[in-house]
Amino acid sequence: MTLKLHNYFRSSTSTRLRAALNLKGLAYEYLGVHLPKGAHRDPDYTEINPQGLVPALELEDGTVLTQSLAIMEWLDEAHPARPLLPAEPKARARVRALGQMIALEIHPINNLRVLTYIDATFGAGDSGKRAWVNHWVHTTFAPLEQMLAGSDQTGTYCHGETPGYADCCLYAQMWNNARFEVDMSPYPVIRRIHAALDELPAFADAAPGRQPDAL
Ligand SMILES: N[C@@H](CCC(=O)N[C@@H](CS)C(=O)NCC(=O)O)C(=O)O
């Protein structure tokens, strides 16, 4: 029996977790949850994750883990080989901060349910949703670029020469940025790191277009 990953190809939280699982070398069964059709709100799925969000990771013993960042931390605790976080406490805090800038400051306010809400309640439309996402991405990508460019701890990847937690968040967010036509020209360091990540099979194989439920 293997790990079961309830997820959706275009979901960035799913992409970040797929990349983390791939980095760990852990195989999983891909179980698609079709977000546009509302499959995440079906009782079949809310029995698995009452929050009705993807991803959820079902372990061999039936335990269900939710929240991608919590799952990534669990991965490091349960499968310490090929760590996603560095060992040194200050370095760990740096990597968590970089990843959480994306995962906690950008993702939640650009999630499907938020975009659906601003469209239905305020008539945002496609251009309004695009402007909204662009605004919130730039609000955090500007300081993120500054932090990456200004630190000698930044290497080929967000932290040194080993891709991990922050890179998983960054790589996944870049697919959303492309989808919402975010201008990446102000962010040369982020673009360089993204290009390096895209060369790695662990990341490229996690990309939305490579998943079995991709449109
Ligand atoms: N903080 C959660 C967020 C999970 C989440 O919001 N996932 C999105 C897809 S990226 C989702 O299921 N959205 C459904 C919706 O917004 O209705 C995590 O990191 O796992």
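The values are calculated or read from the model by the stated rules, or taken from the named source; none is laboratory data. Since this is a predicted model, take the numbers as computed values, not measurements. Here Cβ is always computed from backbone atoms with ideal geometry, including for glycine, and neighbour counts include all displayed protein chains.
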Practice problem: Could you tell me which of the residues V114, V54 is buried (at least 16 other Cβ atoms within 10 Å of the Cβ), within 13 Å of the ligand (Cβ to nearest atom) and within 14 Å of the chain's Cα centre (by Cα)? | Solution: V54
Quiz item: Looking at (1) more than 14 Å from the chain's Cα centre (by Cα); (2) in a loop (DSSP other than H, G, I, E, B), which is the one condition that is false for H135?
Solution: (2)
Exercise. Working carefully through the options Y117, Y187, Y165, find the one that is in the same structural domain as V95 (by TED's automatic domain parsing), touching a Phe, Trp or Tyr at 6+ places or on another chain (Cβ under 7 Å) and of a type in the set (F, W, Y).
Key: Y187
